[in-house]
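Colleague: Quick one: this structure, given as structure tokens, is what I'll be asking you about.
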Amino acid sequence: MAITAQDIVGQVATRLNVDQTVAEKAVGTILSVVNHEADGTQVESLFDKIAGARDLAQRYDVMAADPSGGGGGLMNMLGSALGEKAGALLKGVSRLKEAGLTVEQVEQAGEQFFQQAKAAAGPDLVKEITDAVPGMASHLGA
């Protein structure tokens, strides 16, 4: 059975004890960070294995203007100043905190996402992606 992005959303909602909307934002944000930070061929391989991943990453694009209209705070400004590669991770973490998640919940969402990604795409591909993105393991529990 193939794993879908919505399957992962459900797992994150259960693990974090949050509603589906918050869990979807968490998973979409993590997918967007992966999309911006990791190598394009690795991202394509991962997204090919998780149905709906591309759509969710686009819907919660961390490099797009904040849909809530909020300023995004210091992390968002710092992310912009550092450029896209470092900025996507910082902006993603900032958006998740703005959604009401604690640092621990952000890490748990990341852990759950990467556990499911390994099941869908294999541990080697996921390791390549997480190893290629400095800070992903510490911020997103990869």
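Colleague: For the stretch 39-47, just list the computed ³J(HN,Hα) in residue order, Karplus coefficients 6.51, -1.76 and 1.60, θ = phi - 60°, integers in Hz, with x standing in for Gly and Pro.
Modeller: 4, x, 5, 5, 4, 4, 4, 5, 5
Colleague: Using the Karplus curve 6.51 cos²θ - 1.76 cosθ + 1.60 with θ = phi - 60°, work out ³J(HN,Hα) for each residue of the stretch 18-30 in order, rounded to whole Hz, and write x for Gly and Pro.
Modeller: 10, 6, 4, 5, 5, 5, 5, 4, 4, 5, x, 5, 4
Colleague: Something else now. Based on the Cβ-Cβ distance of Ser45 and Lys97, what FRET efficiency does E = 1/(1 + (r/R0)^6) give at R0 = 30 Å, to the nearest 0.05?
Modeller: 0.55
Laboratory data are not the source of any read-out in this text; all were calculated from the coordinates shown. Quick caveat: nothing in here was measured; it's all calculated off a predicted structure. For neighbour counting, all protein chains shown are included, and Cβ atoms are generated from backbone atoms with ideal geometry for every residue, glycine included.
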